[in-house]
Amino acid sequence: MTGDPYGQSAYRAGAEAAGAYAASAYTAGADAASADAAGADAASSEAQAGYTPRGRYGEETERTYERAGFGASVRRGSSPVLVVVDLTRGFTEDAYPSGADLTGTVEATATLVEAARSARVPVIWTAIAYTPAEAEGHSVTWLEKAPGMRALVEGSQAVALDPRLPRRREDGLVVKKGASAFFGTHLAAALVGLGCDTVLVCGATTSGCVRATVVDAVQYGFPVLVPQECAGDRAQGPHDAALFDIQAKYGDVVPLSEALEYLGGLPAAASAAASAPASVPASDSASVPASVPGAARTDAAALPGRSGG
């Protein structure tokens with residue numbers, strides 16, 4: 001077959017359309033810097049009000065998705081599990097090739113994690129980590145496409161969980177090689193073992209590992225909630241597109257406040273509040289090692305001076 005086997009002309013047309021949309025949505029009447037600031041302000045306002053994608057991609061897109069019957073709400077169970085995807089230093093700090101300054105995402109996620117603990121909701125963290133042979137060789141095809149991720153070598157600071165996050169000894173940890181936290185891991189079995197009926201997914205990046213994890217969670221039969229402020233990406237465009245797609249097809253994108261309300265209303269949360277022991281000292285949670293094979297500790301005392309994030 002000759003001609004355009006990979007749809008390059010369609011891709012170019014789509015790119016031109018996307019460029020035209022970006023120009024009209026973000027740069028009309030302003031230079032690029034002003035548009036970026038306006039986009040950030042809009043994203044902040046949207047997060048406070050709840051995810052409202054209507055109007056973002058035009059009336060034709062809205063009609064198409066409405067006709068397809070997308071965007072219904074998912075059920076919320078009484079036995080959720082929180083899965084925090086890849087908030088390691090290699091993603092949350094801009095000093096690393098694969099990273100960006102995700103301070104806001106980290107802080108919001110820390111709030112969500114503490115609320116999960118109060119509600120006796122299990123927390124599972126994920127991290128990407130490659131052996132030196134994998135990072136330097138050709139056995140992981142993904143690294144051919146995204147060579148900046150070769151820095152995510154087990155034992156390095158790049159794969160240590162961000163020290164601002166409150167991980168504890170009882171939390172689960174999934175070490176993975178691909179985008180989805182389910183692919184090639186024990187995560188699905190762990191969720192079944194925990195009696196999970198709803199998965200809250202947050203972390204980085206929204207357009208990559210978060211979205212891939214959400215899609216697989218649905219395919220394994222778990223309703224999914226994504227607290228919007230707890231998902232972060234390197235750029236606003238991919239972040240917005242991923243949230244739009246998740247909301248339309250795979251899960252509910254909700255404000256952090258709604259997620260906190262959901263956790264606080266769980267039966268376990270009420271009983272925990274009535275019988276809660278003294279809180280665990282901060283030094284106890286901070287002393288937990290990363291548990292990634294060969295990885296460095298994640299407590300602040302064990303880390304060198306931070307140059308990003």
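The values are calculated or read from the model by the stated rules, or taken from the named source; none is laboratory data. Remember, it's a predicted structure, so these values are computed and weren't measured experimentally. Positions of Cβ are backbone-derived with ideal geometry, glycine not excepted, and every protein chain shown enters the neighbour counts. To get the accessible areas, we keep the full protein, side chains included, count just its heavy atoms, and leave off ligands, DNA and RNA. Shrake-Rupley method; radii C 1.70, N 1.55, O 1.52, S 1.80 Å.
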Residue-wise HN-Hα coupling along the range 246-260, computed from phi with Karplus coefficients 6.51, -1.76, 1.60 (Hz; x: Gly, Pro)
4, 4, 6, 10, 10, x, 9, 8, 10, x, 4, 4, 5, 5, 5
What length, rounded to one decimal in nm, is gained on full extension from residue 75 through to residue 197, with 0.36 nm per residue of separation minus their alpha-carbon distance?
43.0 nm
With the crude spin-label approximation of a point 7 Å out along Cα→Cβ, what separation in nm comes out for residue 103 versus residue 189?
4.2
Karplus (6.51, -1.76, 1.60) ³J(HN,Hα), θ = phi - 60°, over the range 232-241, in Hz, Gly and Pro reported as x
x, 8, 6, 9, 5, x, x, 4, 4, 5
The ³J(HN,Hα) series, computed from each phi in the range 177-187 with the Karplus coefficients 6.51, -1.76 and 1.60 at θ = phi - 60°, rounded to the nearest Hz and given as x for glycine or proline, is 10, x, 6, 6, 6, 8, 5, x, 10, 9, 4
Once both label points are put 7 Å beyond Cα along the C-beta direction, the residue 168-residue 94 separation in nm becomes 3.4
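If I take every Cα pair under 8 Å that is 6 or more residues apart in the range 51-178, average their sequence separation and divide by the length, what percent do I get for the relative contact order?
Numbers: 161 pairs, mean separation 37.3, N = 128.
Relative contact order here is 29 percent.
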Once you list every other residue whose beta carbon is under 13 Å from the beta carbon of residue 136, what net charge do they have if Lys and Arg are +1 and Asp and Glu are -1?
-2
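Given a 1.4 Å probe, how much area per residue of the range 150-256 is accessible, in Å²? Numbers along the way, then the final one.
Values: 3450 Å² over 107 residues.
Computed with neighbouring chains in place, this is 32 Å² per residue.
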At most 12 other Cβ atoms within 10 Å and a DSSP loop assignment: could you name the trypsin sites (Lys or Arg not before Pro) in the range 113-186 that fit?
169
At most 11 other Cβ atoms within 10 Å and a DSSP loop assignment: could you name the trypsin sites (Lys or Arg not before Pro) in the range 57-93 that fit?
75
Could you list which residues have their amide H under 5 Å from that of residue 130, counting only those 5 or more apart in sequence or on another chain, with H placed in the peptide plane?
153, 154
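Multiplying the sequence separation of residue 120 and residue 248 by 0.36 nm and subtracting their Cα-Cα distance, what value in nm do you get? Please report the intermediate quantities before stating the final value.
Details: separation 128, 0.36 × 128 = 46.08 nm, distance 2.97 nm.
Between residue 120 and residue 248, full extension yields an extra 43.1 nm.
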